[in-house]
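S.K.: Sending over a structure as structure tokens; questions will come in a sec.
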Amino acid sequence: MGETFYSSIQQVRPVGRQKMHTQGLDSLPYDKRRLLVMVDNPSEWAVPHPSTTSRVLSRALRLSPLILGGFGGLAVVAYDEVRDRRLARRTASAKLVLKIDRVLAMQLRFPPGHPRPEVVYAGHPVDWQTYVPMADIHRFLFEHKVAEAQRLLRSLGATRIVVEHIEGWDQSAGVSADVGIPTTATHVDVGASAHRQKAYGTQVMSVMELTPSGQPRVPEGLVWMSHEPLWQEVAEARVNSGLKSFALDVRSTEDYGIDAKAKVALLGAGLDLGGEFREHKTTTWRLAGEFG
């Protein structure tokens, strides 16, 4: 199975005294830890004051109307406006982004090759240790939710899972429909014969035929489960009432404030979003099938 953006997330385990640096980050509300950037010295990454060079240049422009042919005042105004705009952009970005050092970054989960200095990372809303480049956060979150839904259904004993596109992103947008498929499946038909089939206006993107083993159970470590009442109901009905079939919609309806306005502010401050920013799109995929 090819590597998906979701499956590429790695965890660097805390070592020694470094663990104490994460204290407090997990208790911050999401809007306070939503975006972060790693810098070598967080105390120095602040809203800059006009430098000595800037003050000297501004003074020189004010005192040199003859050199500028009488347009010194206009030059000063133009220069000051440019400087003020840069300061305003930096001020706005400083309010949006949490600054961390390398020690704290080592306690968080990033994709391979990350984190990198001056790149803006967006946090998972329900898994505080996971961060990905802001450019890919919306695709990542949806892939992660689909993967957890598939894992839940497999653990409950699904013998067949059909993934249907209802609205929003499909595989052409780079979102994988086969995230989380186990290598122990007896047969997995993803894409090939099933993809592009139409059923009542929907698009079948993948079909999984599975041979479950063991008793139906809810796997540990599902971070979305407590926020998805329908998932909980399906699990309850399967474990306690022998549910035979299912149709579970996986939705993405929230951009979490990571939008075009944030993109403009951060790019204007000279920060890197880690790629081409992909705006959120309301998306629904349906996972339907049978239990054994």
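S.K.: Considering only residues that are touching a Leu at 6+ places or on another chain (Cβ under 8 Å) and either assigned to a loop (DSSP other than H, G, I, E, B) or at positive phi (or both), which ones fall in the stretch 116-131?
M.R.: As a first pass, look at the stretch 116-131 and keep what is touching a Leu at 6+ places or on another chain (Cβ under 8 Å): 118-125, 128-131.
If the condition is that a residue be touching a Leu at 6+ places or on another chain (Cβ under 8 Å) and either assigned to a loop (DSSP other than H, G, I, E, B) or at positive phi (or both), then Glu118, His124, Pro125, Trp128, Gln129 are the ones that fit.
S.K.: Tell me which residues, restricted to the stretch 245-278, are in a strand (DSSP E or B) and under 13 Å from the mean Cα position of the chain (by Cα). I'd like the intermediate steps shown before the answer.
M.R.: First, the residues of the stretch 245-278 that are in a strand (DSSP E or B): 245-252, 272.
Ser252 - this is the single residue of the stretch 245-278 that is in a strand (DSSP E or B) and under 13 Å from the mean Cα position of the chain (by Cα).
S.K.: From the list Glu143, Glu118, exactly one residue is of a type outside the set (Val, Ile, Thr) and either touching a helix residue (DSSP H, G or I) at 6+ places or on another chain (Cβ under 6 Å) or open to solvent by 10 Å² or more (accessible area, probe 1.4 Å) (or both). Which is it? Walk me through it before giving the result.
M.R.: Numbers: Glu143 fails: either touching a helix residue (DSSP H, G or I) at 6+ places or on another chain (Cβ under 6 Å) or open to solvent by 10 Å² or more (accessible area, probe 1.4 Å) (or both).
The match here is Glu118.
S.K.: How many residues, within the stretch 279-292, are open to solvent by 40 Å² or more (accessible area, probe 1.4 Å) and either under 21 Å from Ile137 (Cβ atoms) or assigned to a strand (DSSP E or B) (or both)?
M.R.: Let us first name the residues in the stretch 279-292 that are open to solvent by 40 Å² or more (accessible area, probe 1.4 Å), namely 279-282, 286, 290, 292.
Restricting the remaining residues to those that are either under 21 Å from Ile137 (Cβ atoms) or assigned to a strand (DSSP E or B) (or both) gives 279-282, 286, 290.
Of the residues in the stretch 279-292, 6 are open to solvent by 40 Å² or more (accessible area, probe 1.4 Å) and either under 21 Å from Ile137 (Cβ atoms) or assigned to a strand (DSSP E or B) (or both).
S.K.: Looking for something at pLDDT 95 or above, assigned to a helix (DSSP H, G or I), within 21 Å of the chain's Cα centre (by Cα) and closer than 26 Å to Gln129 by Cβ - is there at least one such residue anywhere in the stretch 226-243? Steps first, answer last, please.
M.R.: Going residue by residue through the stretch 226-243, those that are at pLDDT 95 or above are 226-243.
Filter again for assigned to a helix (DSSP H, G or I), leaving 226-227, 229-241.
Subsequent filtering for residues that are within 21 Å of the chain's Cα centre (by Cα) retains 226-227.
Subset that is closer than 26 Å to Gln129 by Cβ: 226-227.
Yes, that holds for at least one residue.
S.K.: Out of Asp170, Asp178, Asp101, which single residue is at pLDDT 90 or above and surrounded by fewer than 22 Cβ atoms within 10 Å (Cβ to Cβ)? Let's see the steps before the verdict.
M.R.: Details: Asp170 fails: at pLDDT 90 or above; Asp178 fails: at pLDDT 90 or above.
From the options Asp170, Asp178, Asp101, the qualifying one is Asp101.
The values are calculated or read from the model by the stated rules, or taken from the named source; none is laboratory data. Quantities reported herein were computed from a predicted structural model and do not represent experimental measurements. Neighbour counts run over all protein chains shown; Cβ positions are idealised from the backbone, glycine included. Note: areas computed on protein heavy atoms with side chains; ligands, DNA, RNA excluded. Shrake-Rupley method; radii C 1.70, N 1.55, O 1.52, S 1.80 Å.
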